[in-house]
1. Can you quote the Å³ per residue value for the convex hull of the Cα atoms in segment 1-140, rounded to an integer?
2. So how do VAL212, VAL8, VAL146 line up by other beta-carbon neighbours within 10 Å, fewest first?
3. Highest mean first, how do 223-229, 248-254, 296-302 rank when packing is the count of other Cβ atoms within 10 Å averaged over residues?
4. Using Cα centres only, tell me the gap between segment 220-293 and segment 148-211 in whole Å.
5. With respect to the cross-link table entries LYS19/LYS259; LYS19/LYS137; LYS194/LYS261, which display a Cα-Cα separation exceeding 24 Å?
6. Checking a compactness column here: for segment 77-358, what do you get for Rg(Cα) / (2.2 N^0.38 Å), N being the number of residues?
7. Do any GluC sites (Glu not before Pro) in segment 1-106 lie in a DSSP loop with no more than 10 other beta carbon atoms within 10 Å, and if so, which?
8. Considering Cα pairs under 8 angstrom that are at least six residues apart, work out the relative contact order of the chain and quote it in whole percent.
Amino acid sequence: MDKPPIEVKLDLLSMTPEKLRLTLREYFLERHQPDYRPGQVESWIYDGLANDFTEMTDLPQKERRALEDVFQIDQPSAKLLQISQDDTAKHLWLLQDGELIESVLIPADHRLTLCISSQVGCAMGCTFCATGWGGFKRQLTVGEIVGQYRASQRWAREHEYGSITNIVFMGMGEPLANRRSLPDSLTILNQGYKVGARRITISTVGFVPGIVALARRPEQFGLALSLHSPLSELRSQLIPLELRYPLPEVLQAIHDFRKDKGRRVTLEYTMIEGVNDGLDLIGPLGEIALRLHAFVNLIPFNPIPQNEWTTSKQGRIQEFAKRLKKKGVSVAVRETRGRDIDAACGQLKAHALVQLENTNNSV
């Protein structure tokens, strides 16, 4: 006997605000419910951050049960939480299919920044990144991306962190390579949850088609390029995507993005001792920054499993910053946050995988 087909519920978190309103309006119209029902559910999704339909207490119980038969709220659950001495909080989230992703909450001054993931793992294979070490599994859905924000926002409010002010797509994965889910997730975060476009930044290692697509959007989203070397040959050793999209092509796309948006782009530069911290690289790095009118963010390298690289000496990092400033480049050294909990994106999952591997080997 053939098994009955599995009914797939519609995920409300994956719908843009426009689609959500239309879907709920049609649904409640068929159920002969009042016109205000769609607005009630929408309010619970965006303002109430409801995890399930039982929380929607201003709807009749019958309607809550009926919603659950048709729709789902694909919210991740917390598998592990680590809080640093500087209050940086890292969540390891468990998805419905058992995969793990992570996000990071970074409090600073009057801001609370959420670093969010876009893929389960990453296919870019950057040699300095723990996420690439774990391999690529799959793209995140729109709801799984948005769900990180909702779960993190709820946690932050419940633990006196306040509300999230900024979102950076700098977690696991190459955001612009998730071409199916990233566009709608940006729309939902901006229009549904009212996070200003200027407070949302997408980081890329140079996925040119995604940069071009982002430039075509009307919103003023920010863009950060993981540069890490101003020379194509050295960059290809750090970022394999350089072989597919060479630096001149990437820089042209960045130039066009800035021209279209009128916004300053950030160049991220991880400082690795003996690898990309030679003083001879300051000149070409400065030339790129000045040509793009870009801001340079020098980032001390965070050690990762199965890699012997170390962070550049503090003096070398400061010398980089000093010489770049002399050339007229806007530059800052990123403050290291949460190092005691392996705060680099991808490190929490990487260390969790190491622990699981060690456990399995000892059995």
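1. For segment 1-140, the hull spanned by Cα atoms encloses 191 Å³ per residue.
2. In increasing order of surrounding Cβ atoms, one gets VAL8, VAL212, VAL146.
3. 223-229, 296-302, 248-254
4. Value for the Cα centre distance between the two parts: 22 Å.
5. As for pairs spanning more than 24 Å Cα to Cα, those are LYS19/LYS259; LYS19/LYS137.
6. 0.95
7. Here the GluC sites (Glu not before Pro) that fit, given the DSSP loop and packing criteria, are GLU7.
8. Reported as a whole number, the value is 15 percent.
Bear in mind these aren't lab numbers, they're just calculated from the coordinates by the rules spelled out. Values in this document were obtained by computation on a predicted structure and should not be read as measured data. Neighbour counts are summed over all protein chains in view; Cβ atoms, including those assigned to glycine, are modelled from backbone coordinates with ideal geometry.
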